[in-house]
Amino acid sequence: MQLTLDYNETWLHRMNPAFKLVFFLFLFLGLLFIHNPNIITYVTLLPLILVAFFTGHKRKLLLILMIPFLLLFVSSSSSMIFFGQGTTTWWKWGLIHITEESFYRGLHIGFRALNFALLGLIFALTTRPVLLFYSLTQQLKVPPRFAYSFMAAVRILPMMVEEFQQLKNALLVRGVKKEKGWKRITQSITLYAVPLLSQSIRRAHRIAVAMESKQFHNGKRTYYYETRLSKFDGLFVLYIVLGVVTMVWLGLEVPTYEITDVRNSD
Amino acid sequence: MKRLKLSDILITIVIALVFGIIYKLWGPVYNLVKPFGLHVGDIVYGMWFIAGTVAMLILRKPGVALLAETAAASGEFLVGSEYGLSVLLYGIVQGLGTELVFALFRYKRYTAFVAALSGIAAAAGSLIMDVAYGYILDLALWNLLLLISARVLGGILIAGIFAYFLVEALEKTGVTSLVRPASHEDFKALDK
């Protein structure tokens, strides 16, 4: 969600947002059917190229955004590497049992997580939320009640941030002391979470009443932004199809690991 | 069936988006506790089920839990979650779990016990996704059991008990009377 970030518009921004969402979901499901670690390693290059060259954002920002991905890779692969089942033992120490099978399965899960993360980043960096909701109602026939609720709710969030600052200042002026340890949690819930939530519920209720009194309804309507499919959607599909075919071929012909299926065979 | 009105949907989504932001911030927390403690860190996973329970306890209408969890996941996704698209599908399945429990009680019971059960159901949903996504069935058995118990315990504690007390605190502000359908007790009170 880039509200303030500086970026150049690229062809990825011009894709139809609803189409992008559905297509990405298919890619997600497709990735679940790849069990060959060679293939998934090569496939990771596809979203990586898009993130690096076609999101239109500054390199520095992209690098900062990708730092958590390393942590993600380690955290998603580690338990499988250390505690997964397998027969060819590499290393055993107490509870930790690293086998060849579990190692590659862990690596596979890590690459999978990386793929999802990169695809998610592409989507988040190149999609304007408002256009996404417009296009969901126009292309996928999502009821306007849901789409417009989303858009209104997104606008409430900055107000909550403002309110949070206000609360903080008010408590500071009144000399409220921060509790220590577990009490800190209960304190921040009663002092911050409850008022912030209850206020935004009231606000949401008022907005809904106002919308309905101004004749917001679920029927046929016209749109300020018209969203359509374009050649950029075709271009993206072409990139993915050609890319996946190439990477699968590479994975089969030029494998980097010996294992070709990470599922447990017994 | 009580159909969701515009105000129900809007309030559900606002609550969900607030938790969506928390979901996003929760990612690094989880990734930090996960690699060390043999899945014990999965206790914090329960935070990712909380939107459904909280919204359902507040609004008490069919469909609210599923909508809230899905919306929270979309919010998390749109602000650039490091889990990317997977959060959307996880959100839907977890929301279905929560929704199912409240449906089993025919949307009539909203106690801490039912909330805890809904936390368990959401945990089950997330585990089903993990079987497909993270091959968790190929973990050593003791490790898998540890994962399941930590996840379920987290569901009960955070998405069940904690959510229940959060909503109870909200009730004291009177905001829930704004959104809940009139209950049987309300009608009885009129007869007095």
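The values are calculated or read from the model by the stated rules, or taken from the named source; none is laboratory data. Values in this document were obtained by computation on a predicted structure and should not be read as measured data. Note that each Cβ is placed from the backbone with ideal geometry, even for glycine, and that neighbours are counted across all protein chains shown. Ligands, DNA and RNA are excluded from the accessible area calculation, which covers all protein heavy atoms including side chains. Shrake-Rupley method; radii C 1.70, N 1.55, O 1.52, S 1.80 Å.
Highlighted here are the helices (runs of 4 or more DSSP H) found entirely within the range A:1-112 that include at least 1 residues which are open to solvent by less than 30 Å² (accessible area, probe 1.4 Å) and closer than 28 Å to A:Met151 by Cβ: A:17-31, A:45-54, A:59-83.
Here A:Trp182 clears all of (1) away from chain B (no Cβ under 12 Å); (2) at pLDDT 90 or above except the condition numbered (2).
The number of residues in the range B:153-180 that are closer than 16 Å to A:His205 by Cβ and exposed (fewer than 12 other Cβ atoms within 10 Å of the Cβ) comes to 2.
Report the residue count in the range B:73-101 for those that are within 11 Å of chain A (Cβ to nearest Cβ) and assigned to a helix (DSSP H, G or I). The number of residues fulfilling the criteria is 11. Sub-6 Å Cβ pairs linking a first residue in the range A:103-118 that is within 7 Å of another protein chain (Cβ to nearest Cβ) to a second residue that is of a type in the set (S, T, N, Q), at least 6 apart or interchain, are A:Ile109/A:Ser76; A:Ile109/A:Ser77; A:Phe116/B:Ser86, ordered by first then second residue. Filtering the range B:16-63 to residues that are buried (at least 24 other Cβ atoms within 10 Å of the Cβ) and of a type in the set (Phe, Trp, Tyr) leaves B:Phe19, B:Tyr23, B:Tyr45, B:Trp48, B:Phe49.
Cβ-Cβ contacts under 7 Å between residues 6 or more apart (or on different chains), taken from a first residue in the range A:176-194 that is open to solvent by 50 Å² or more (accessible area, probe 1.4 Å) to a second residue that is among the polar types (S, T, N, Q), are listed as A:Glu179/A:Gln187. The C-beta contact set for the range A:210-234 (first residue over 14 Å from A:Tyr134 (Cβ atoms) and touching a residue at least 60 places away in the same chain (Cβ under 8 Å), second residue part of a loop (DSSP other than H, G, I, E, B) and aliphatic (A, V, I, L, M), distance under 8 angstrom, 6+ apart or interchain) comprises A:Ser230/A:Met15; A:Phe232/A:Leu12; A:Phe232/A:Met15; A:Asp233/A:Met15. Apart from one condition, A:Thr222 fits all of (1) open to solvent by 100 Å² or more (accessible area, probe 1.4 Å); (2) modelled with pLDDT under 95; (3) in the same structural domain as A:Thr41 (by TED's automatic domain parsing); the exception is (3).
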